[in-house]
Amino acid sequence: MKTHKNSPDSHFNNTAGLKKIILFSLCLLLIAKLDAQEITENKTAEYPQVYLGVGTGFDNFTGFMGVSGTLKMYERFSVRGGFGVSGWGLKSSIGIKYDQTETGRWSYCLGYSHSPGLEGIELEMELESGGTQEITVDYLSAGTINLAIDRNWRIGKTGIFYLEFGYAVPLQSNRWRVTDGSTITSTTDMALNILQPGGLILGAGFAFKVF
């Protein structure tokens, strides 16, 4: 009886074949993983997406207290609107937003805000003599161009908490009118200048994805 031993060539061919099978299997696993990742990304990147929320702040998008809506048109670009109450009466805003990422980094915002004003506001004016006098003032309509940055944090699966910073550039000055014939002091003039729309933007709010 003869005993046959594997030749070196046979051993080499078996090893090469095994390597090919392993390499082919790894390629299949990689392709399957990439396909699954692409499907997942496509599902999570469906646009448009709508967010609704509430906000508060000074010279921000919603005013002291208001509501906001964001329509995410693309991965990084959104259109947003806001409506609320400010120190100059009602306030409405519209603008665009550029996100570096959805959460965890800074977003850049450009917008416009408009306040129609208020009529018949009674204020206590401090006189130069030291006393006070009641005056009646109309707040005239005023608009601002808003340059701001937002920082977003994820809250749960569909919520976002954000902080807003920036500057609101006033488009008009001295947007008030004294209606009772009084002459206001420099202190009152300064106070009205500070109160009218425009200046540093400080805000915060929550938004939740609706669909």
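FYI, it's all coordinate maths here, none of it is from the lab. The structure presented is a predicted model; accordingly, all values stated were derived computationally and were not measured. Counting neighbours? That spans all protein chains shown, and the Cβs are built from the backbone with ideal geometry, glycine included.
Quick notes on this one:
- Charge sum, other residues only, whose C-beta stays under 12 Å from residue 208's C-beta, Lys/Arg counted +1 and Asp/Glu -1: +3
- Residue 210 versus residue 147: modelled label distance in nm, points set 7 Å from Cα along the beta carbon direction: 3.2
- Judged by the mean number of other Cβ atoms found within 10 Å, the most tightly packed of the peptides 153-159, 175-181 leads the ranking 175-181, 153-159.
- Net length gained if the chain between residue 163 and residue 195 were fully extended (0.36 nm per residue, minus Cα distance): 9.3 nm
- Over segment 47-209: Rg over Rh, Cα atoms, Kirkwood Rh: 1.09
- Paramagnetic reach from residue 85 (point 7 Å along Cα→Cβ, amide N under 15 Å) across segment 105-142: 117-119
- Which of 52, 140 has the fewest Cβ neighbours within 10 Å, and the rest in rising order: 52, 140
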